[in-house]
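The next block holds one structure in the form of structure tokens; read it before the comments.
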Amino acid sequence: MREVRMHADEPFCGAPLLRRGLTPVPLAEARDLTLRADGQALLDGVSCSFAAGRRTVVMGANGSGKSLLLRLMHGLIRPTSGTVLWRGAPLDRRARARQALVFQTPVMLRRSVLANLRFALAVRGVPRCARRARAEAALEQARLTALAHRPARVLSGGEQQRLAIARALACRPELLLLDEPTASLDPASTALIEQAVDAAHADGVTVALVTHDAGQARRLADDIVFLHAGRVAEHGPAAQVLSRPRSEAARAWLEGRLHLGP
Amino acid sequence: MDGFAEVLGQALALILSGDPDLVEIIGLSLRVTLSAVALGCVLGLPLGAVAGAFRFPGRAAVVVLMNALMGLPPVVVGLLVYLSLSASGPLGVLGLLYTPAAMIVAQTVLVTPIIAALTRQVVEDLHGEYAEQFASLGVGPAHRVAALLWDARYSLLTVVLAGFGRAVAEVGAVIIVGGNINHVTRVMTTTIALETSKGNLELALALGVVLLALALTVNAAVMALRASAVRAAYA
Ligand SMILES: Nc1ncnc2c1ncn2[C@@H]1O[C@H](COP(=O)(O)OP(=O)(O)O)[C@@H](O)[C@H]1O
Ligand SMILES: [Mg+2]
């Protein structure tokens with residue numbers, strides 16, 4: 001497999017374009033996604049996009065379909081109907097290699113912290129000679145160097161989540177998908193993870209992050225997708241959604257009438 | 001009871017004296033069984049891993065077959081291998097009947113389904129945990145099998161041990177295809193069977209003690225290894 005190209009080589013970044021008043025380029029786009037299971041629509045006509053270079057925060061109550069949307073965008077599951085586009089073309093294996101998904105519960109191999117990173121790099125086709133340096137750089141970035149030789153599965157929840165993010169970023173994705181990375185973590189761990197997300201974004205990585213933490217949405221979101229019962233209730237710039245929500249669901253949430261979880 | 005204590009004393013003396021016949025029999029037993037388990041691993045681990053990590057047409061039938069073959073009666077295996085290796089059988093030209101090689105073949109047939117079926121279960125459970133992460137990373141088929149086998153290594157030790165226990169204690173298959181020929185194909189179990197019927201109880205009991213000690217040692221070692229693996233969350 002070819003090595004994933006460095007995002008630094010990418011010719012554009014969404015944010016500057018936006019400042020010049022142009023429409024942001026959708027890196028990944030959901031078009032009219034419907035997902036049915038047992039005759040029930042889990043997602044119903046979902047259309048939204050993750051603009052290049054921006055941080056899109058996906059919000060919604062428990063069971064509203066946030067995790068399913070991330071899995072669909074990443075190509076882990078197929079929609080019943082509708083399409084997922086990557087740079088305007090249907091999502092395929094190669095496009096998925098440009099993305100990295102961090103699951104809500106980190107999946108760690110039964111190996112050391114370092115070995116977990118090296119495995120991901122090997123799978124993504126990074127030459128053997130480059131793996132070690134890149135894995136160590138990723139650990140440094142995640143402040144996990146001291147734990148490099150620890151079995152990954154004995155790490156704390158926050159450390160495992162940071163390792164999962166480091167593993168995802170070591171693959172140098174263009175799009176980083178994170179499913180509630182800070183759910184059930186203490187404030188200190190949450191801060192470290194938000195820093196990691198910020199650093200990735202500053203490096204030009206497009207971010208899509210699921211959360212039901214309002215504070216986190218305020219801190220991180222450029223754009224917000226608000227899901228309600230499997231539909232997009234609202235999709236727009238964070239400032240607008242958080243101050244002048246158009247949908248009843250987002251309004252109810254902001255006014256404290258709708259509790260998103262956990 | 002006096003008789004038993006006396007026989008046990010003689011048996012222990014036999015073991016401690018390093019009786020050459022005893023050593024030869026134990027040596028052949030280990031050679032045959034370890035070879036069969038090694039072959040069983042070469043065949044059974046990948047087979048079980050593939051059945052545990054992939055969905056393919058006919059998979060359910062393969063799994064049922066592997067599970068059913070786990071319970072193969074050793075004498076039936078012995079008979080089938082005997083028929084294949086006998087002069088008029090399909091593999092008769094090899095001239096393997098009544099050699100240690102024939103015994104290795106029989107025990108391999110016996111342990112491969114055990115290793116394959118248990119590996120399938122272990123790998124399937126682990127794959128359930130890893131599947132989405134692997135799909136996300138884009139792990140290819142060969143890499144998937146290798147990674148699952150490696151990450152299941154401590155559970156698989158127990159699987160291999162089950163195969164070893166079954167093979168080393170088995171008498172029906174090796175006696176049929178080996179013939180229990182002195183200095184050629186006599187292993188611990190066949191010797192115990194023969195010497196007991198001949199009334200040569202101290203040799204039989206000495207081998208029984210060794211067999212028991214072997215089983216205990218191997219089990220204890222694997223348990224200890226697994227315990228350390230559990231502490232590292234590797235199991
Ligand atoms: N594989 C599945 N089969 C059937 N229903 C599912 C499946 N996965 C998720 N669901 C259901 O779809 C809804 C949305 O799930 P999910 O996207 O995980 O919600 P959340 O917004 O909390 O992440 C939930 O009601 C869930 O029970
Ligand atoms: Mg979820």
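The values are calculated or read from the model by the stated rules, or taken from the named source; none is laboratory data. Quick caveat, the model's predicted, so the values are computed rather than measured. FYI the Cβ positions are ideal-geometry reconstructions off the backbone, even for glycines, and counts take in every protein chain you see. We work out accessible area using only protein heavy atoms, side chains counted, and drop any ligands, DNA or RNA first. Shrake-Rupley method; radii C 1.70, N 1.55, O 1.52, S 1.80 Å.
Details
- Pairs where the first residue, in segment B:214-235, is within 18 Å of residue B:126 (Cβ to Cβ) and open to solvent by 60 Å² or more (accessible area, probe 1.4 Å) and the second is aliphatic (A, V, I, L, M) and not in a helix (DSSP H, G or I), C-beta under 6 Å, 6+ apart: B:226/B:235
Here's the yes/no breakdown for (1) more than 14 Å from chain A (Cβ to nearest Cβ); (2) among the small types (Gly, Ala, Ser); (3) open to solvent by 40 Å² or more (accessible area, probe 1.4 Å); (4) in a helix (DSSP H, G or I):
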{"position": "B:51", "(1), (2), (3), (4)": "yes, yes, no, yes"}
{"position": "B:75", "(1), (2), (3), (4)": "yes, no, yes, yes"}
{"position": "B:84", "(1), (2), (3), (4)": "yes, yes, no, yes"}
{"position": "B:87", "(1), (2), (3), (4)": "yes, yes, yes, no"}
{"position": "B:98", "(1), (2), (3), (4)": "yes, no, yes, no"}
{"position": "B:117", "(1), (2), (3), (4)": "yes, yes, no, yes"}
{"position": "B:161", "(1), (2), (3), (4)": "yes, no, no, yes"}
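- Qualifying residues in segment A:246-260 (those that are loosely packed, with under 15 Cβ neighbours inside 10 Å and outside any helix (DSSP H, G or I)) - the one nearest to the chain's Cα centre (by Cα): A:259
- One residue from A:109, A:169, A:176, A:117 being open to solvent by 30 Å² or more (accessible area, probe 1.4 Å) and either more than 10 Å from every other protein chain (Cβ to nearest Cβ) or not in a helix (DSSP H, G or I) (or both): A:169
- Checking each residue in segment A:36-86 for being within 14 Å of another protein chain (Cβ to nearest Cβ) and within 14 Å of ligand 1 (Cβ to nearest atom) picks out A:67, A:68, A:70, A:71, A:72, A:73, A:74, A:76, A:77, A:78.
- Beta carbons closer than 6 Å, at least 6 apart along the sequence or on distinct chains, pair a first residue in segment A:178-194 that is within 12 Å of ligand 2 (Cβ to nearest atom) with a second that is part of a strand (DSSP E or B) for A:178/A:102; A:178/A:209; A:179/A:210; A:180/A:210; A:181/A:102.
- Looking only at residues of segment A:76-85 that are open to solvent by 20 Å² or more (accessible area, probe 1.4 Å) and in contact (Cβ under 8 Å) with a residue 24 or more places away in the chain, we find that the one that is farthest from residue A:41 (Cα to Cα) is A:76.
- One residue stands out among those in segment B:135-153 that are open to solvent by less than 20 Å² (accessible area, probe 1.4 Å) and under 23 Å from residue B:230 (Cα atoms): the one that is farthest from the other protein chains (Cβ to nearest Cβ), which is B:148.
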